[in-house]
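One structure is given below, encoded as structure tokens.
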């Protein structure tokens, strides 16, 4: 689902630990000197992209309301196509103004973009951003694993055509609350084990990444959320959604920050994609759920 401009404005400012601001941005249609500091990220899932562009000479001073005399655009390095971004002013909580450029053009996975701020009488500031490629997600084998306490049910999910593990995995369980009889959902964030001997560590084989979804453990978490005993088998499970995030290489902690030519800052990229599946009535009964009525 695409997100609104106001939502993504809030996210980009929060993510980059910038000073807060209101959600209102005022488009403006220029004179700046020298280079710029860039902050933001590209997101395949967003309907509007935002990048904060600050003239270096205003880094610790008040940005005035004069529009930037610079052409700001992204270039698709595969096709050479350029998209011009629109300038806007955003007011921060401390009263200062800054420039927040935005674009409603789609961002594609697997593409390297160049973000360029080109003033008329100075060298441009630029950086390149690889938007992580996506691949199909599919549920894999259903089975059991023995723990020190009990045997638990698991189901693998596989992310195809990748060369490294993703950066985040959430499981969203859609269910019917036995008390209210209303549908609801619970999001469970998975932490990837770094222990090479852990049975809960994802594995990369060829160009497929496989991870075990802990169906039994997640059921206990859901029952705890509903304040119901572990023996309860009345919760109807409607479906499971895997939501997977991949970040651009320059966003990973062990890789240097993005290189900004003739400037400073960081622009990353992220891809988020989902896959939803349903378990058979027999599997649901095995795990301890009730099956939806047909």
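Below, the figures for the structure above:
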| quantity | calculated |
| --- | --- |
| Selected residue (only one of 194, 144, 189, 127 is modelled with pLDDT of 90 or more and more than 22 Å from residue 277 (Cα to Cα)) | 127 |
| Test: residue 12 is outside any loop (DSSP other than H, G, I, E, B) and at pLDDT below 75 | yes |
| Selected residue [at negative phi and surrounded by 20 or more Cβ atoms within 10 Å (Cβ to Cβ)] from 252, 270, 228, 207 | 270 |
| Residues satisfying the stated conditions in the range 53-65, i.e. at pLDDT below 85 and under 17 Å from residue 37 (Cβ atoms) | 56, 57, 58, 59, 60, 61, 62, 63, 64 |
| Some residue of the range 263-277 being outside any strand (DSSP E or B) and at pLDDT below 95 | no |
| Subset of the range 129-151 that is under 28 Å from the mean Cα position of the chain (by Cα) and in a strand (DSSP E or B) - its residue that is nearest to residue 51 (Cα to Cα) | 129 |
| Condition met for residue 69 (under 30 Å from residue 273 (Cβ atoms), surrounded by fewer than 17 Cβ atoms within 10 Å (Cβ to Cβ) and either under 23 Å from the mean Cα position of the chain (by Cα) or modelled with pLDDT of 80 or more (or both)) | no |
| Candidates 116, 154, 107 - the one that is crowded, with 17+ Cβ neighbours inside 10 Å, at pLDDT 85 or above and part of a loop (DSSP other than H, G, I, E, B) | 107 |
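For (1) modelled with pLDDT under 75; (2) loosely packed, with under 14 Cβ neighbours inside 10 Å; (3) outside any strand (DSSP E or B); (4) within 23 Å of the chain's Cα centre (by Cα), each residue gets a yes or a no:
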residue	(1), (2), (3), (4)
34	yes, yes, yes, no
51	no, no, no, yes
75	no, no, no, yes
91	no, no, no, no
100	no, no, no, yes
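The values are calculated or read from the model by the stated rules, or taken from the named source; none is laboratory data. Worth saying up front: this structure is predicted, and the values here are computed from it rather than measured. Please note: Cβ atoms are built from the backbone with ideal geometry, for glycine as well, and neighbour counts cover all protein chains shown.
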